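Asker: Sharing a structure, written as structure tokens. Questions coming.
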Amino acid sequence: MSKITNKEYPQKEKITDHQALNDIKAILAQITATNNPAELSRLVSTARNIKSDSSFVSDIAKKVEAIALKKQELAESQLNSNITQKELEQLEKQRERAEAIIQYKMEAARQIQELNAIHDRFKSKLEEYKKLSPPIETMVKINEKGEEIIDEQAINKNILTKEEIEERRQKFAELQEKQEEVNIILKKN
């Protein structure tokens, strides 16, 4: 902006267009009071429409128009910057939510794998335990009349030694431990 000097506008020129000067003052007050790009655009247009026979008043009106236009550009830039900032914040929140979902899914998959491994070990231990314990059906039979007949030979054959009893207790304890592991994991979820 250039500085207005008395050399450019001699004192002889009387300012008779007081209405134009009042309009310029009102526009300057509104420019100072607002940061709304639409309002500033209206003020640019209003300043552009100020007409005066005085070259001094016309130059002031042009400079006020330039000021309003510059402030409008700055306000639009700031508005766009604020919108961009909000959009970036929303994108960051979406990324964080997506990351949390992925973490949750990874943890769920890990727990499922862990449960499957425990289940497989549990099944194998159960099969071992079943092999060690012959079914009661081999020791007790039902005849055609529906009466239970106890097979003494099968019972005698299945009487366990101390070592066999201890081995079965140990297998049973292992099965209970596996069951506890499963229960702990299920309680977490």
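The values are calculated or read from the model by the stated rules, or taken from the named source; none is laboratory data. The structure displayed is predicted, hence computed values, not measured ones. Methodologically, a virtual Cβ is constructed for each residue, glycine included, from the backbone with ideal geometry; neighbour enumeration extends over all protein chains shown.
Asker: In the range 18-66, how many residues are under 47 Å from the mean Cα position of the chain (by Cα) and surrounded by fewer than 19 Cβ atoms within 10 Å (Cβ to Cβ)?
Answerer: Adding up the residues that qualify gives 16.
Asker: Moving on. Mind listing whichever residues of the range 17-41 are more than 15 Å from residue 73 (Cβ to Cβ) and among the charged types (D, E, K, R)?
Answerer: 17, 23, 25
Asker: A further question on this structure: Please indicate, with yes or no, whether at least one residue in the range 79-95 is under 30 Å from residue 27 (Cα atoms) and in contact (Cβ under 8 Å) with a residue 24 or more places away in the chain.
Answerer: yes
Asker: Can I ask one more? Can you tell me which residue is modelled with the lowest pLDDT among those in the range 44-84 that are under 20 Å from residue 19 (Cα atoms) and among the basic types (Lys, Arg)?
Answerer: Across the range 44-84, the extreme among qualifying residues is 51.
Asker: Assess whether residue 118 counts as being closer than 22 Å to residue 22 by Cα and in contact with a helix residue (DSSP H, G or I) (Cβ under 9 Å, 6 or more places away or on another chain).
Answerer: Taking the combined requirement at face value, the residue does not satisfy it.
Asker: Let me ask another. For residue 94, state whether it is in contact with a Pro (Cβ under 9 Å, 6 or more places away or on another chain) and either assigned to a helix (DSSP H, G or I) or closer than 26 Å to residue 18 by Cα (or both).
Answerer: So residue 94 does not fit the description; no.
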